[in-house]
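These notes are about the structure you will find just below.
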Amino acid sequence: MLASGSAQAAVAAKTNELVATGLDVTVGDQALVDRLTLEIKPHGADVATVCLWNEAAVAKAKAGAAELALPCRAGRMNATVRLREAEPGVVVVTLDLDRDTALAAEDGVRLTALLAGVEEGVAISRSEPWWTRPVFWKQQGFIPDETQLVMARRNVELKSQAKSEAKSARKVEHVVLLPLPAGGAMGWVRGAAVPFSAGGVTVALQAKAAWSLRRGALAVIGAGDSPYDLLTTVVRHGLEAIGKPARLRTEKPYPEPFKRVGFCTWNTLYENQTTQNLMATAKGLADARFPLGFFIIDSGWQPVSAGNFVTSALRGFEADAAKIPNGLKALVSDLRRVTGASWIGVWHTLQGVPGGVDPKSPLAKAEAAHLWQGNLPALVPDPTSDRGAEFFRNYYKVLRAADVDLVKVDFQNWTESYVAGRVPLFQALNQSVTNFHAAAFEAFGDRVINCMSMGQNTLFSLRSTNVVRNSLDYLLPAGPIGHRRHMLNNIFNALLVSQVAYPDFDMWESYGSFAQAHSVLRALGGGPVYITGNVAKQDWALLRRLILADGTVLRTDGPVLPTRDALFADAAQVPVPLKGFARIGAAGVIGAFNTLENGGSVAGVVRPRDVEGMQGDRFAVFEHFSRRLVVAGSNDAIPTRLGPDRPELFLVVPIDRGFAPFGLLDKYLSPRTIRTQKIAGNTLTVELIEGGRFGAYVDGSPRSVTVDGAVVQPVLRDGWVQIDVAPNPVRPHTITIAR
């Protein structure tokens, strides 16, 4: 059940008493939005026209139905807004026009309303065309433009079914609003002025170019108890309403290379990606005996024209001969041999390089049929048709011939600069991403990292790839504030990104004062873990907390998300911990971070219930850094106090028949080191993936403990049973504990 009321609540609408052009929409016995108005702005018009509702149709809508058709008239145009209850409490809003209509490039359609009863929320908004960030608000009117997702909280009254009960109970309910693209335009939310209120929201269709619309879904809005279930449901119905140009993250496999730890050369070499520098980096990794899974050659390996990073243009598919004289194939072979990495990848952008393809280059001549002249001087793979896919197919033939295994495709939403005023924003990026995905799937399968692609037009185009960079670059902006924003943005951006892909929290340096916090963030993320920077400075011991001996990343079941009590708290400005949770089978993990921008300490509490969906009455809770172990009920508060930039990591394991096994305590995600576990009578049997210090909570003193059949004497303290299991040779071990 997502919303209060009956299993099929039904949608109803009536004219607002204060605003004649506005409708109040309810689902079951709960208000969803108030004063809903529609404005349409045809191409060439100076102002938008408010659509006047058909009074007879609105009168019929008072009774409620699974779908309402609400006709209105805007000038000479007839329109119909359809409200369809896709699931209880979740409504898809669709607009029908009586004919295909050319609309204004900006705000061609505006749907404005007051989110009923909403008191506070968070907006996931574009800070730039390619990155998003959370914005916390107390009034709807302050939601920024280009918002991609709105989550909010409200108190609703539960009407008693019994006539004898005089009082009505209240409960907290969550609201999610997801704007949708239509007719090639993007859907954005922003704050709006709504008569007789403190402000509402507008869903606006933005094409930034000539476009037209006959029919399109505008938004999905829902209300329900669980913000996480509600969000997934809203996104699923949103994708279905627009023809499912993307698939959900859970419908796609996790790419094989990112199951292992990796290295990327950007912060190590920046654009000095020469054979000499790359091989020196590889040797440093080899000398450290670090079990590398993948290695990415970042920007600087390609042949480009003169210019800076964003203006130089691509001149060929092969490597820059001056930097890599023996060619890409020889370099890839040497990197693979020295590092031991199974996968070697390269960086490029959706335009080839940010500056596109040099019009004077032999490459431009060879690929002329597949390139397009946009606003900027250089050429780009055609964003108006599937001809652009041939550019990538030809590119990837060269890369595959050099034994490249994966690609990081950057600057995706940068293409908006090339198409603005020429091609509608969603149409252009959807076509571009579809083109490169088709070619990449043939060459690399799903071995792709999508980057600078956090706009709706790219996120909602992900059919075959399943990893997306989730924030602005690590170390940008420079200094402590950059690190703190990186953590806050990643956990909140994951709300939307995790619906369609695994969030990539970016490469990072495992040294420096922020390394510990970054390492915990990656442990929780569920996505790729890869490092960068000075190889000689890396903290290999810190990194090994994230991985098994063979370099396999210990991953959560799904991406980290903000806990319920952190959803609407701005931990950058308020002295409370930023908390994120994830699951590891029956266990859970909670990360607490200090992201306060003024650098002070923060304090709060952690509760087992912070891990959404945890089952059980009693839990053993272990904090990784302090080694504290407490037994707590689901709602019991465990204090946490964090100094500047300090993290805490809590493992939460249900106590089952007196046992709570944690796994290897030297790993962040220790329960993931348990291959199998079972309880028979008063005996716990655990199979570990490899050796190390094993820990478990046990009610009372154990009668006996064995490792691989041999009786051992464990370390016993306050319910802890800790056992040192030989880590070498690396092999599984079986532990039994009898009570």
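Among the lysines, which fall within straight-line cross-link reach of residue 365, defined as a Cα-Cα distance under 29 Å, with same-chain neighbours fewer than 8 residues apart omitted?
The reachable lysines, counting only those whose Cα sits under 29 Å from residue 365, are 323, 329, 397, 408.
To make sure I understand, if each residue's beta carbon is the centre and we count other beta carbons within 10 Å, what order do 135, 175, 156 fall in, fewest to most? If you can, show how the numbers build up before the last one.
Details: 135 18, 175 26, 156 21.
Ascending Cβ contact count within 10 Å gives the list 135, 156, 175.
Please give the charge dipole size of the stretch 1-125, origin at the Cα centre, charges +1 on K and R Cβ atoms and -1 on D and E Cβ atoms. Round to the nearest 20 debye. Each step should come with its number before you reach the end.
On the way: 11 positive and 17 negative charges, 85 e Å.
About 400 debye.
What cysteines in the chain have no other cysteine with a beta carbon less than 4.7 Å from their beta carbon?
When partners are defined as cysteine Cβ atoms under 4.7 Å apart, the chain leaves 264, 451 without one.
Please arrange 556, 49 by counting, for each residue, the other beta carbons lying within 10 Å of its beta carbon, fewest first. Don't skip to the answer; put the middle values down first.
Details: 556 22, 49 17.
With the fewest neighbours first, 556, 49 line up as 49, 556.
Okay, which of the stretch 113-143 sit inside 20 Å, backbone N to the point 7 Å along the Cα-Cβ direction of residue 193?
Hits in the stretch 113-143 for residue 193 at 20 Å: 113-115, 138-143.
Excluding residue 460 itself, calculate the net charge of residues whose Cβ lies under 11 Å from the Cβ of residue 460, where each Lys or Arg counts +1 and each Asp or Glu counts -1.
Working: positive: 244, 247, 463; negative: none.
Here the charged neighbours net out to +3.
Report the local net charge at residue 294: Lys and Arg +1, Asp and Glu -1, summed over other residues whose C-beta lies under 9 Å from its C-beta.
On the way: positive: 260, 447; negative: 405.
Neighbour charge sum, excluding residue 294 itself: +1.
Okay, helix-only estimate at 222 nm for the chain: each DSSP H run of n ≥ 4 adds -39500 (n - 2.57), divide by all residues, round to 500 deg cm²/dmol; what do you get? List each step's numbers first, then the result.
Details: 13 runs with 137 residues, N = 739.
Calculated mean residue ellipticity at 222 nm is -5500 deg cm²/dmol.
Starting from the Cα-Cα distance between residue 478 and residue 734, subtract it from 0.36 nm times their residue separation and give me the gain in nm to one decimal.
Details: separation 256, 0.36 × 256 = 92.16 nm, distance 4.71 nm.
Length gained between residue 478 and residue 734: 87.4 nm.
Straight-line reach from residue 252: which lysines have a Cα under 16 Å away, not including same-chain ones fewer than 8 places off?
244
For the stretch 255-544, what class follows from the C-alpha gyration tensor (a ≥ b ≥ c being the square roots of its eigenvalues): rounded when a/c is under 1.5, otherwise prolate if a/b is larger than b/c, else oblate? Intermediate values should be presented prior to the final figure.
Numbers: a/c = 1.75, a/b = 1.26, b/c = 1.38.
Because a/c hits 1.5 or more and a/b fails to exceed b/c, the stretch 255-544 counts as oblate.
Which lysines does residue 171 reach when only Cα atoms under 22 Å apart count, and residues fewer than 8 places away in its own chain are ignored?
Cα-Cα hits under 22 Å: 138, 159, 163.
Just how large is the dipole of the stretch 11-244 about the Cα centre, in debye to the nearest 20, putting +1 at every Lys and Arg Cβ and -1 at every Asp and Glu Cβ?
Numbers: 27 positive and 26 negative charges, 34 e Å.
For this selection, approximately 160 debye.
Just checking my list (i) 165; (ii) 198; (iii) 156 against volume of the Cα convex hull per residue in Å³ computed from this structure; which label fits?
(i)
Roughly how many nanometres apart are two label points built 7 Å out from the Cα toward the Cβ at residue 706 and residue 259?
3.2
Considering the options 94, 425, 373, tell which one lies farthest towards the positive end of the dipole of the chain, charges being +1 on Lys and Arg and -1 on Asp and Glu at the Cβ, about the Cα centre.
94
Run through the DSSP bridge list for the chain and note the antiparallel percent, rounded to the nearest 5.
In the chain, DSSP labels about 85 percent of beta bridges as antiparallel.
Pick out, from 642, 135, 556, the residue whose Cα sits farthest towards the positive end of the charge dipole of the chain, with +1 on the Cβ of Lys and Arg and -1 on the Cβ of Asp and Glu.
Sorting the options by dipole projection puts first 556.
Could you size up the charge dipole of the stretch 255-544 around its Cα centre, putting +1 on the beta carbon of Lys and Arg and -1 on that of Asp and Glu, and report it in debye to the nearest 20?
On the way: 25 positive and 23 negative charges, 70 e Å.
The dipole of the stretch 255-544 has a size of about 340 debye.
Report the full-extension gain for the segment residue 685 to residue 98: residue separation times 0.36 nm, less the Cα-Cα distance, to one decimal in nm. If you can, show how the numbers build up before the last one.
Details: separation 587, 0.36 × 587 = 211.32 nm, distance 6.80 nm.
Here the answer is 204.5 nm.
Are there any trypsin sites (Lys or Arg not before Pro) in the stretch 283-368 that are in a DSSP loop and have at most 13 other Cβ atoms within 10 Å? List them by number. Mind showing how you got there, number by number?
Values: sites: 283, 289, 315, 323, 329, 336, 337, 360, 365; in loops: 289, 315, 323, 360.
Those satisfying the criteria are 289, 360.
In the chain, with Lys and Arg counted as +1 and Asp and Glu as -1 at Cβ, which of these residues, 449, 192, 48, has the Cα nearest the positive end of the dipole, that is, farthest along it?
The listed residue farthest towards the positive side: 449.
Compute the length gained on full extension between residue 120 and residue 145: take 0.36 nm times their separation in residues and subtract their Cα-Cα distance, giving the result in nm to one decimal. Before the final figure, lay out each step's value.
Values: separation 25, 0.36 × 25 = 9.00 nm, distance 1.71 nm.
Here the segment from residue 120 to residue 145 would lengthen by 7.3 nm.
Name all residues of the stretch 38-57 having a backbone nitrogen under 20 Å from the label point set 7 Å from the Cα of residue 78 along its Cα→Cβ direction, giving them as ranges.
Of the residues in the stretch 38-57, 38-42, 49-57 have backbone N under 20 Å from the label point off residue 78.
Since every read-out is calculated from the coordinates, none of them should be taken as a lab result. Nothing here was measured: the structure is a model prediction, and the numbers come from that model. All Cβ positions, even for glycine, are placed from backbone atoms using ideal geometry, and neighbour counts span all protein chains on display.
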